[in-house]
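*Asks:* Handing you this structure, nothing more for now.
The values are calculated or read from the model by the stated rules, or taken from the named source; none is laboratory data. The shown structure was predicted, so the numbers you read here are calculated from the model rather than taken from an experiment. Here the Cβ positions follow ideal geometry from the backbone for every residue, glycine too, while neighbour counts run over all protein chains shown. The protein model used for the area step is the full one, side chains on, heavy atoms only, and it has no ligands, DNA or RNA in it. Shrake-Rupley method; radii C 1.70, N 1.55, O 1.52, S 1.80 Å.
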Amino acid sequence: SPGAPPGPLKFNGTKLVNDDQHPWKPLKHGDMRGPCPGLNTLASHGYLPRNGIATPVQIINAVQEGFNMENSVARLVTYAAHLVDGNLITDKLSIGGKSPLTGPSPPAPANAAGLNTHALFEGDVSMTRADAFFGDNHSFNETLFDEFTAFSNQFGAGKYNLTVAAEYRFHRIQESIATNPNFSFVSPRFFTAYAESVFPINFFIDGRQGDGQLDLDVARGFFQNMRMPDGFHRASMPTGLEGLAEIASVHPISPGANVNGVNTYTFDPSSADFTTFCLLYVNFVNQTVRSLYPEPTGNLKKALKKNLEFLYGPFSDQCSQVFPYGKD
Ligand code: HEM
Ligand code: MG
């Protein structure tokens, strides 16, 4: 049965994290990497198993230790991802594609196929990865990094900062509306897209620098090479979604999707948005998770309930718990 979620760091200040115990190493044949530059980097520095297969406890410890991600954000994101993309029986998640190392597949429609799986956690309008419609939703995309660079030059004087994040986030949405007939921008992607736009500012800037201005060579190092700069120090305090509300308010847009080809973006009132935060949790559990596991039994049902309990933790101060598989 899965281990209890780790608590916050004891020493939670900045420190050298690209250290002798965590050297960057190139990929070995079969190592899994995926759409998240943060987890890719932690694996390539050995904060996570270098093969890219990890338990939720390992992921929470790694994002805290390596980047000073705040405990409740780390738990929320990790258990959400694990519930839809991980193997709940073996407690293992691939940070990339489907891997036999996570164990036997659960019964369909669940697949435990890793973070590359489209439309459960991974979604459209990523900054440096293409929409799944265009064929590859997880590899570093040079064309998109060129756009990231152009926006940083235009709005950030050559750095990626909150001003750039707001403009580039909005630009990627406009781009997908105009080019991706399958474009979808509903919860949970509606939330994670904004969160991930501020993560480079919150986590990829050296904790001793802390001026909110991300150098583009440093950015490329993380996004493409999964590598911390020499001497890299993590954030100076536990950090999570700082800046999210600020960038989302610059170009407000409602959750929705292209419903009939490109340029048919239509508001979806069933999706959670920033005014209905608990609906993010409720819909994720009652719709996304339940659609994967409609009738679980035995150990699978037990593992689901445990992981749902762990997911609820970070919502518990604001939202009522839901029990799709019963209370006992
Ligand atoms: C994107 C998972 C922590 C930085 C993603 C995506 C997934 C993911 C599935 C793909 C979403 C998409 O763009 O379609 C996770 C999980 C984490 C975690 C399970 C566990 C806590 C982190 C941390 C950082 C980070 C600690 C920064 C140090 C990013 C960034 C993106 C991203 C910047 C956007 C990539 C892009 O748009 O090109 N993450 N992540 N993540 N993640 Fe993570
Ligand atoms: Mg994506």
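*Asks:* Using a 1.4 Å probe over the heavy atoms of the protein chains, calculate the carbon and sulfur portion of the accessible area of the chain as a whole percent.
*Replies:* Numbers: 7730 of 14040 Å².
Its accessible area is 55 percent carbon and sulfur atoms.
*Asks:* Please provide three numbers in whole Å: the alpha-carbon extents of the stretch 170-211 along the principal axes, with the largest listed first.
*Replies:* The Cα atoms of the stretch 170-211 stretch 43, 19, 11 Å along their principal axes.
*Asks:* Going down the table (K10/K159; K92/K302; K15/K306; K25/K306), which pairs top 23 Å between alpha carbons? Before the final figure, lay out the partial values.
*Replies:* Values: K10/K159 32 Å; K92/K302 16 Å; K15/K306 33 Å; K25/K306 35 Å.
Distance filter (> 23 Å) returns K10/K159; K15/K306; K25/K306.
*Asks:* For the stretch 219-328, what is the accessible area per residue in Å², given a 1.4 Å probe and the full set of protein chains? Intermediate results must be reported in sequence, preceding the final value.
*Replies:* Working: 5690 Å² over 110 residues.
Spelled out: the 1.4 Å probe surface of the stretch 219-328, per residue, equals 52 Å².
*Asks:* Would you mind computing Rg(Cα) / (2.2 N^0.38 Å) for the stretch 1-159, counting N as its residues? Intermediate results must be reported in sequence, preceding the final value.
*Replies:* On the way: Rg = 16.4 Å, N = 159, 2.2 N^0.38 = 15.1 Å.
Normalised Rg, Cα atoms only: 1.09.
*Asks:* What's the FRET efficiency of K302 with V262 using the Cβ-Cβ distance as r and R₀ = 35 Å, to the nearest 0.05? Write out the running numbers ahead of the final one.
*Replies:* Working: r = 45 Å, r/R0 = 1.28.
Computed FRET efficiency for K302 and V262 comes out at 0.20.
*Asks:* Something else about it: Once both labels are modelled 7 Å past Cα along the beta-carbon direction, what's the E175-E147 spacing in nm?
*Replies:* 0.2 nm
*Asks:* What are the extents of the Cα atoms of the stretch 172-328 along their three principal axes, listed from largest to smallest and rounded to whole Å?
*Replies:* Projected onto its principal axes, the Cα set of the stretch 172-328 covers 49, 40, 29 Å.
*Asks:* Let me ask you something else. When the Kirkwood hydrodynamic radius is evaluated over all pairs of different C-alpha atoms of the stretch 100-159, what value in angstrom, to one decimal, is obtained? Intermediate results must be reported in sequence, preceding the final value.
*Replies:* Values: mean 1/r = 0.0734 Å⁻¹.
One over the average 1/r among Cα pairs gives 13.6 Å for the stretch 100-159.
*Asks:* Just the number, please: percent antiparallel of the DSSP beta bridges in the chain, rounded to the nearest 5. Spell out each step's value before the answer.
*Replies:* Values: 11 of 13 bridges.
For the chain, the DSSP antiparallel bridge percentage is about 85.
*Asks:* So if I take the alpha carbon set of the chain, get Rg, then get Rh from the Kirkwood formula, what is the Rg over Rh ratio?
*Replies:* Numbers: Rg = 18.8 Å, Rh = 20.0 Å.
Ratio of gyration radius to Kirkwood radius for the chain: 0.94.
*Asks:* If you roll a 1.4 Å probe over the heavy atoms of the protein chains, what accessible area per residue do you get for the stretch 1-139, in Å²?
*Replies:* Numbers: 5470 Å² over 139 residues.
Ligands and nucleic acids excluded, the result is 39 Å² per residue.
*Asks:* Ok, one more. Within the stretch 1-66, report the trypsin sites (Lys or Arg not before Pro) that DSSP leaves as loop and that have at most 14 other Cβ atoms within 10 Å. Intermediate results must be reported in sequence, preceding the final value.
*Replies:* Numbers: sites: K10, K15, K28, R33, R50; in loops: K10, K15, K28, R33, R50.
Here the trypsin sites (Lys or Arg not before Pro) that fit, given the DSSP loop and packing criteria, are K10, K15, K28.
*Asks:* I'd like the isolated cysteines in the chain, meaning no second cysteine's beta-carbon lies under 4.7 angstrom from theirs.
*Replies:* C36 - these cysteines have no disulfide-compatible partner (Cβ-Cβ under 4.7 Å) in the chain.
*Asks:* What does the charge dipole of the chain about its Cα centre add up to, to the nearest 20 debye, if the Cβ of each Lys and Arg holds +1 and the Cβ of each Asp and Glu holds -1? Mind showing how you got there, number by number?
*Replies:* Working: 24 positive and 30 negative charges, 203 e Å.
Its charge dipole is roughly 980 debye.
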